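Novice: This structure is in structure tokens; I'll ask about it shortly.
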Amino acid sequence: MKTRKAQSLQELKEIGQAIALLQEKWPRAFPKKYSVVKPLARSVKEAIVAGTGWNKDYTYGVLAAWKARMAYCDAVLRETVRIDIDGNATDEVVDDISRAQAAQQRQQVLEARCRREARQASKTNDRTGMSRNLASGS
């Protein structure tokens, strides 16, 4: 039986592979370059289900991961119009609720990065301290 951490890491790996597939299949809707990411229209979910054969729940999870990325949050804050699966502008606009959610998600990503960096710095300091103690014979 997998531990919770191992299961989470496996899920992250699978989502990364799924996003890579979307980037390959629909590069204009899922670009690799940060600055060209655009907000997606509602129709994208159905197009992905039809084009990949994934079920709606799995597609929702993969899209949630894509939309949680800093590049997507910044796109929602920067752009006014949403795009379809082929990267074409739609008549859907980015509303204030979407912008507020993107700003909140962006802040959460930044806070998580800071926590991760602090943990890594703490681990590095712990290792350095252990090395000093061993070297000094303490």
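Novice: Expressed in nm to one decimal, what extension gain is obtained for the pair GLN101 and GLU11 from 0.36 nm per residue of sequence separation less their Cα-Cα distance? It would help to have the intermediate numbers written out before the result.
Specialist: Values: separation 90, 0.36 × 90 = 32.40 nm, distance 2.38 nm.
Extra length available between GLN101 and GLU11 comes to 30.0 nm.
Novice: Where is the GNM fluctuation largest for the chain (alpha-carbon springs, 10 angstrom cutoff): THR52, THR124, THR80?
Specialist: Between THR52, THR124, THR80, it is THR124 that shows the largest mean-square fluctuation.
Novice: So which aspartates and glutamates can LYS123 reach, going by Cα to Cα under 20 Å and dropping same-chain residues fewer than 8 places off?
Specialist: GLU111
Novice: A further question on this structure: Where in region 1-91 are there trypsin sites (Lys or Arg not before Pro) that are in a DSSP coil and have at most 11 other Cβ atoms within 10 angstrom of their Cβ? Please report the intermediate quantities before stating the final value.
Specialist: Working: sites: LYS2, ARG4, LYS5, LYS13, LYS25, ARG28, LYS32, LYS33, ARG42, LYS45, LYS56, LYS67, ARG69, ARG78, ARG82; in loops: LYS2, ARG28, LYS32, LYS33, ARG42, ARG69.
Taking region 1-91 and a limit of 11 other Cβ atoms within 10 Å, the loop trypsin sites (Lys or Arg not before Pro) found are LYS2, LYS33, ARG42.
Novice: What is the distance in Å between the Cα centroid of region 42-89 and that of region 6-25?
Specialist: Going from one Cα centre to the other spans 15 Å.
Novice: Would you list, by chain and number, the lysines whose Cα falls below 22 Å from the Cα of LYS13, excluding same-chain residues fewer than 8 positions away?
Specialist: List returned: LYS2, LYS5, LYS25, LYS32, LYS33, LYS45, LYS56, LYS67.
Novice: Turning to a different aspect of this structure: Full-extension gain between THR52 and TYR34, please, as 0.36 nm times their residue separation minus the C-alpha to C-alpha distance.
Specialist: On the way: separation 18, 0.36 × 18 = 6.48 nm, distance 2.40 nm.
4.1 nm is the gain from fully extending THR52 to TYR34.
Novice: Next question, about the same structure. Restricting everything to alpha-carbon atoms, can you work out Rg to Rh for the chain with a Kirkwood hydrodynamic radius? The partial results should precede the final answer.
Specialist: Values: Rg = 19.8 Å, Rh = 17.3 Å.
We get a ratio of 1.14 for the chain.
Novice: Here's something else I'd like to know. Name the residue, out of ALA103, ALA20, ALA121, whose mean-square fluctuation peaks in a Gaussian network model built on the chain with Cα pairs under 10 Å.
Specialist: Sorting by GNM fluctuation, first place goes to ALA121.
Novice: In the neighborhood of ALA68, defined by Cβ-to-Cβ distances under 14 Å, what is the net charge if each Lys or Arg adds +1 and each Asp or Glu adds -1?
Specialist: On the way: positive: LYS67, ARG69, ARG106, ARG113; negative: GLU11, ASP74, GLU111.
Neighbourhood net charge equals +1.
Novice: OK, next. Based on the Cβ-Cβ distance of ARG116 and ASN88, what FRET efficiency does E = 1/(1 + (r/R0)^6) give at R0 = 30 Å, to the nearest 0.05? Please report the intermediate quantities before stating the final value.
Specialist: Working: r = 37 Å, r/R0 = 1.22.
The pair ARG116/ASN88 has a calculated efficiency of 0.25.
No value in this document is a laboratory result; all are computed from the given coordinates. Predicted, not measured: the structure shown is a model, and the values here were computed from it. Methodologically, a virtual Cβ is constructed for each residue, glycine included, from the backbone with ideal geometry; neighbour enumeration extends over all protein chains shown.
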